[in-house]
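Novice: Just passing along the structure, written as structure tokens.
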Amino acid sequence: MDRENRSPTSRITQEVLKALCEGNHEAYRLVYLEYADPLTNYIERLTGRRSVAEDLVQEIMACIWAKHASIHIHTSLKSYLYTTARNAVSNYRRGRQPVWSAEFGKEWVPETEFNSKTDEMLIAGDIAMLVQLAMLHMPRQRRLICELKNGDGLSNDEIAGRLGISKAAVEKQVSYARREFREIFGQLFFI
């Protein structure tokens, strides 16, 4: 394998990625060994459930293999897989489970309405509580800007006018708040 085409933290080269797209089993095995555990840990942090994480990673990896010929990665394999993982978690939280279809590949269909609605209400309550806790630890001005932006739905210009500060200062505080929320919620939550 050519070391020049590798990222410093990955054993996956462009050649391995190309071989995967061509249906090479060894390339798939290398991708699986490199990313299955980190993806499982990532999804477990997002869902709080190891069994769900393991199931979703198996679905992701099965889908990667099933669609290897049509995969087009525009960034990096790692980014592609983590984005796929976030999407899988999002679908899981919406109560949609993967169902394999030989004709169309992987499709998502809803679970029973009762489980989906109950899970959504529990997750929404948990997220609201975490948002409030995170905001308690923010500086007063940043917290106020978040409340005006999210609670009152004001634009950055409107917030700047109301608080008597520049729009750039509002944007900077919103950026800091986003960073804090991303640390707490991963890439799933944006204000």
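Novice: What percentages make up the Cα-Cα pair-distance distribution of the stretch 21-88 when the bins are 5 Å wide from 0?
Specialist: Pair shares across the bins are 3, 17, 30, 27, 14, 7, 2, 0.
Novice: Between Asn150 and Ala168, with labels modelled 7 Å along Cα→Cβ, what's the label distance in nm to one decimal, could you check?
Specialist: 2.7
Novice: Under a plain spin-label model, where a point goes 7 Å from the Cα along Cα-to-Cβ, how far apart in nm are Lys67 and Arg178?
Specialist: Going from the Lys67 label point to the Arg178 one covers 2.6 nm.
Coordinate-derived values only; no laboratory data. As the structure is a prediction and not an experimental result, all values here were calculated from the model. In this analysis, Cβ positions are derived from the backbone assuming ideal geometry, glycine residues included, and neighbour counts consider all displayed protein chains.
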